[in-house]
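Read the structure below first, then the notes.
The values are calculated or read from the model by the stated rules, or taken from the named source; none is laboratory data. Predicted model, so just to flag it, every value in this text is computed and none were measured. Protein only, heavy atoms only, side chains kept; ligands, DNA and RNA dropped before computing areas. Shrake-Rupley method; radii C 1.70, N 1.55, O 1.52, S 1.80 Å.
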Amino acid sequence: MLFRTAWSLVLRKGGLGIRGIHSPGDTAPSKGKMPPYTNYHAQRSYPMPDEPFCTELNAEQQALKEKEKGSWTQLSHAEKVALYRLQFHETFAEMNHRSNEWKTVMGCVFFFCGFTALLIWWQRVYVFPKKPITLTDEWKAQQLQRILDMKGNPVQGLASQWDYEKKEWKK
């Protein structure tokens, strides 16, 4: 009940106008605004903007608008296109046209991947210390021989896989 009262008050006071409910922008026309700051907003999901694309017309465009009020059969194709361009910024085909922005994005991605690889290589060469001696193949072989000589874990470990008589791994 409280919601109904509040909603009727909002509608009576004009807080949400009838056009304001479905309009993406301000419902009032942009009088007094400079040309780049208009309320023109067109996209595929909302193709009919609240304002025309061109709000300030020169003499040629005003003459074309006057000619528009007459019969459209007398208008040429170029004049019809010019009238369309006064009302809308671009056609649906132009809106749906793929841009080449993906090339720029992929170029940036590859650039930063390459830069990161270069940075990692530089760190491995100049920043990180040398590998410890315990990671060399000679050290690992000596360590394995020491484990076998000590007969470490003879039931299930490495010593169980070594044949001490033939000095080779069991098959």
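Size of segment 42-171 from its Cα atoms: along the principal axes, largest to smallest, the extents are 112, 37, 24 Å. Between residue 162 and 170, the built amide H atoms are under 5 Å apart, and every one of these is 5 or more places off in sequence or on another chain. Among 46, 164, the sequence by solvent-accessible area, most first, with a 1.4 Å probe is 164, 46. Solvent-accessible area of residue 113, all protein chains in place: 80 Å² (probe radius 1.4 Å, heavy atoms, ligands and nucleic acids excluded). For residue 167, list the aspartates and glutamates whose Cα falls under 19 Å from its own Cα; do not include residues on the same chain fewer than 8 positions away. Cross-link targets: 138, 149.
Expressed as a whole percent, how much of the Cα-Cα distance distribution for segment 103-162 exceeds 15 Å? Value for segment 103-162: 70 percent of Cα pairs lie more than 15 Å apart. Could you sort out which of 140/166; 131/171; 130/151 sit more than 28 Å apart by Cα distance in this structure? Pairs exceeding the cut-off: 131/171; 130/151. Pairs of Cα atoms in segment 36-117 fall into 10 Å distance bins, from 0 up to the last occupied one, in shares of 14, 30, 25, 14, 10, 5, 1 percent.
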